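*Asks:* If you scroll down you'll find the structure; I have some questions about it.
The values are calculated or read from the model by the stated rules, or taken from the named source; none is laboratory data. These figures come from a predicted structure and were not determined experimentally. Note that each Cβ is placed from the backbone with ideal geometry, even for glycine, and that neighbours are counted across all protein chains shown. With ligands, DNA and RNA removed, areas are computed over all heavy atoms of the protein, side chains included. Shrake-Rupley method; radii C 1.70, N 1.55, O 1.52, S 1.80 Å.
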Amino acid sequence: MNNLYIKHIISFLLLFLFQILFMNKIALFGFITPMVYILFILSLPFDTPKWAMIVICFGSGLIMDFFTGVLGMHALSLMTLGLFRHLIIRSIPFRGEIEPHLRPILYDMKFVWYIQYIVILVLIHHFVYYVIDSMSFSHFFRLLGIVAANSLCTIICILLLQILFYKPSKRY
């Protein structure tokens, strides 16, 4: 088995265990729970095919749904994240060329590009997740506040994890 696949599997397992065992127990102010498990999807290589991204997102979401006791919320929100990922990568301006073997992580990309990337995708993921959770738009501005607060907390946690545990990709 390829060394790269083993690293991705270990990353997946560690992030999901960290989310399930620790982060899901956090409820800042009663409603803020960081969702750091999406870092696995956000940090997959640029050359990951779209079909593989959707399959990985769906499988990851189902695993998270199974361990958290919700039905389909993580799967649908992660699949939405996977659908928009390629579009967001292409739409954020980048000087030069994005090398396909690199990953969209803090060390491989410029800081401003990376912040735009995670902010947009985390907001998309959280919006879908919390709309499904509320099943209503009757309290739309409250919903936006919950999405914004949870997104901010998730982005801060993702940046901390990137700084502490992720290393730059190997350059060819």
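*Asks:* Taking only Cα atoms, what is the 0 to 90° angle, nearest 10, from helix 73-91's long axis to the longest principal axis of the chain?
*Replies:* 40 degrees
*Asks:* Regarding the stretch 2-49, what's the average projected area of the Cα-atom convex hull, expressed in nm²?
*Replies:* For the stretch 2-49, averaging the hull's shadow over all directions gives 3.9 nm².
*Asks:* What are the principal axis extents of the Cα atoms in the stretch 72-145, in Å, biggest first?
*Replies:* 45, 23, 19
*Asks:* While we're here: For n ≥ 4 DSSP H runs only, could you compute -39500 (n - 2.57) per run for the chain, divide by its residues and tell me the 222 nm figure to the nearest 500?
*Replies:* -22000 deg cm²/dmol, from helical runs alone.
*Asks:* Could you work out the relative contact order of the stretch 1-145? I mean the mean sequence separation of Cα pairs under 8 Å and 6+ apart, divided by the number of residues, in percent.
*Replies:* 21 percent
*Asks:* Specify the angular offset, from 0 to 90 degrees and rounded to the nearest 10, of the alpha carbon long axis of helix 50-68 from the longest principal axis of the alpha carbons in the chain.
*Replies:* Long axis of 50-68 versus the principal axis of the chain: about 40 degrees.
*Asks:* Reported to two decimal places, what Rg/Rh ratio describes the stretch 108-151 when computed on Cα atoms with Rh from the Kirkwood expression?
*Replies:* 1.12
*Asks:* Say the dipole of the chain comes from +1 at the beta carbon of Lys and Arg and -1 at that of Asp and Glu; which of ILE20, ALA52, SER134 then lies farthest toward its positive end?
*Replies:* Result: ALA52, furthest along the dipole toward the positive end.
*Asks:* Count the net charge of all other residues whose Cβ sits under 12 Å from the Cβ of SER77, scoring Lys and Arg as +1 and Asp and Glu as -1.
*Replies:* -2
*Asks:* On average, how much area does the Cα convex hull of the stretch 86-127 cover when viewed from any direction, in nm²?
*Replies:* Values: hull surface 12.0 nm².
If I average the Cα hull's projected area over directions, I get 3.0 nm².
*Asks:* If you don't mind, another one. Applying the Karplus parametrisation 6.51 cos²θ - 1.76 cosθ + 1.60 with θ = phi - 60° to the phi angles of the stretch 15-31, what ³J(HN,Hα) value in whole Hz is obtained for each residue in order, glycine and proline being reported as x?
*Replies:* Once rounded to whole Hz, the list reads 5, 6, 5, 4, 5, 5, 7, 10, 5, 5, 7, 7, 9, 5, 6, x, 9.
*Asks:* Using only Cα atoms, tell me the angle between helix 111-134 and the longest principal axis of the chain; keep it within 0 to 90° and round to the nearest 10.
*Replies:* 30 degrees
*Asks:* Over the stretch 79-127, give the accessible area per residue in Å² for a 1.4 Å probe, as an integer.
*Replies:* 50 Å²
*Asks:* Next question, about the same structure. Taking all protein chains as present, what is the carbon and sulfur share of the accessible area of the stretch 1-53, in % to the nearest whole number, probe 1.4 Å?
*Replies:* Of all accessible area on the stretch 1-53, carbon and sulfur atoms account for 75 percent.
*Asks:* Still on this structure, please answer the following. Using a Debye calculation, one point per C-alpha and no hydration shell, please list log10 I(q)/I(0) for the chain at q = 0.13, 0.16 Å⁻¹ in order.
*Replies:* Log10 I(q)/I(0), no solvent term: -0.62, -0.96.
*Asks:* If you take every residue apart from TYR114 with its C-beta less than 14 Å away from the C-beta of TYR114, what net charge results, scoring Lys and Arg +1 and Asp and Glu -1?
*Replies:* Details: positive: ARG85, ARG95, ARG103, LYS110; negative: ASP108.
Taking every other residue near TYR114 into account, the sum is +3.
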